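The values are calculated or read from the model by the stated rules, or taken from the named source; none is laboratory data. All figures in this text were calculated on a predicted structure; none of them were measured in a lab. Quick reminder, even Gly has a Cβ in these numbers, built from the backbone with ideal geometry, and neighbours come from all protein chains shown. Quick note on the areas: whole protein, heavy atoms, side chains included, nothing else; ligands and nucleic acids left out. Shrake-Rupley method; radii C 1.70, N 1.55, O 1.52, S 1.80 Å.
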Amino acid sequence: MRLYLVGLIFCVITILTFIIGLQKDPKKIPSNLINTSVPDFKLDHIGNGIENFNRTDLLEIDDVKIVNVFASWCPPCKIEHSQISKLSEKHFIFGINQKDKKNDLLNWLNKLGNPYQAIGSDTKGRASINWGVYGIPETFILDKHSKIRYKHVGPIMQRDLEEIKSIIRVLENED
Amino acid sequence: MKINQILILFLFFNFTNVMSIEPDEILEDVQLEQRAREISSVLRCMVCQNENIDNSNAGIAKDLRILIREELIAGKTNSQIINFVHNKYGDYVLFKPPLKFYTFFLWISPFVIFFFLFLLFFRKKKID
């Protein structure tokens, strides 16, 4: 009888796993880099007065930072642009521009505005791999010590803004 | 079976093992290319999740294929490259999840299921 009880418990665990597991969005894969320091990466200069950045630039800033991977060819990036702009009013936002043409990017920024502190170009997608990016847009939130603490996959919508702000608030209050 | 029945049967076979690897990516060194294929076959494309990165058209799959070849040329071993990608993307990128605390249930559950099925079938006979 005891064995059957074990079997029953096993069944319940399995069913619960399915109920929880199947409700998750399989397109959203959690980052493996959470709680690790900023990865090594190299970005190319865009020019036209746009500042580039690298790992040390992020390490030097003693505040919460946002790193956003985007491109002008990516429609969801356009959707999240106004949310990124809102966040840029109070926070440092760095842009990793993935596989973009320089002129397309400049036009895009001219039309929509440039919320970024600095933008580096990831022409071959290698920096994106170092950040564990698999589809853009993706947004990372870094704490004061430049550890990756949160990753948002897909566009940041109006409805996501509150959650992101509250995460930033928590990180800002840390030592 | 008539010949046309056999032909219809063929329609049900899916020839999904189509390579997406592009000619300019292929290395001239046959051995290195062979190793690149071995590495690719165990890495899942994060966008098209039932394809490995050799079969996927997604941008990230192409980038990873190129990365694998660059690292091979740089003299890295297969496991070093797989570990690098695993480190960046997590267990999800591997078709065969490693055995650890979180995956213990996943690995052990088939055996548990068989164990109980075995009990269910053979215990009853004894009672009869």
Area accessible to solvent at B:Arg69, 1.4 Å probe radius, in Å²: 10 Å²
Principal axes of the stretch A:73-141: Cα extent on each, largest first, Å: 29, 28, 20
222 nm mean residue ellipticity, helices alone, for chain A (DSSP H n ≥ 4; -39,500 (n - 2.57); rounded to 500): -12500 deg cm²/dmol
Cα-projected label distance for B:Ser41 with B:Thr77, points at 7 Å along beta-carbon direction, nm: 2.0 nm
Whole-Hz couplings from phi, Karplus 6.51/-1.76/1.60, listed for the stretch A:7-24; x for Gly and Pro: x, 5, 4, 4, 4, 4, 4, 4, 5, 4, 4, 5, 4, 6, x, 6, 7, 6
For the stretch A:89-132 and the stretch B:57-108, distance of Cα centres in Å: 27 Å
Label-to-label distance, nm, for residues given as A:Ile61 and B:Phe105 (7 Å Cα→Cβ offset): 3.9 nm
The stretch A:33-172 - charge dipole about Cα centre, Lys and Arg +1 at Cβ, Asp and Glu -1, debye rounded to 20: 260 debye
Percentage relative contact order, chain B, counting C-alpha pairs under 8 Å, at least six apart: 19 percent
Near-label residues of the stretch A:133-163 by backbone N, under 20 Å of a point 7 Å along Cα→Cβ of A:Lys27: A:133-140, A:151-161
Check: the stretch B:1-93 dipole with +1 on Lys, Arg Cβ and -1 on Asp, Glu Cβ, in debye: 380 debye
Interface size A-B, as summed buried accessible area [1.4 Å probe, Å², nearest 100]: 2100 Å²
Per residue value of the accessible surface for chain A (all protein chains in place, 1.4 Å probe), Å²: 54 Å²
DSSP loop GluC sites (Glu not before Pro) with at most 12 other Cβ within 10 Å excluded, longest remaining stretch of chain A: A:1-88
Lysines with Cα under 16 Å of B:Lys2, excluding same-chain neighbours fewer than 8 positions away: none
Pairwise FRET efficiency - B:Lys96 versus B:Leu27, Cβ, R0 = 35 Å, nearest 0.05: 0.90
Overall Cα dimensions of chain B, principal axis frame, Å, largest first: 68, 53, 27
B:Leu120 accessible area, assembled protein chains, probe 1.4 Å, Å²: 90 Å²
Calculated from backbone phi, Karplus (6.51, -1.76, 1.60) coupling profile of the stretch A:102-109 in Hz, x at Gly/Pro: 4, 5, 4, 5, 4, 4, 4, 5
A:Thr36 long-range amide H proximity, modeled H, under 5 Å: A:Ile148
The protein assembly as shown - Debye-derived log10 I(q)/I(0), Cα point model, q = 0.09, 0.12, 0.13 Å⁻¹: -0.60, -0.93, -1.03
The stretch A:33-172: radius of gyration over Cα atoms, expressed as a fraction of 2.2 N^0.38 Å: 0.95
Surface share of carbon and sulfur [accessible, 1.4 angstrom probe, percent] for the stretch B:3-96: 58 percent
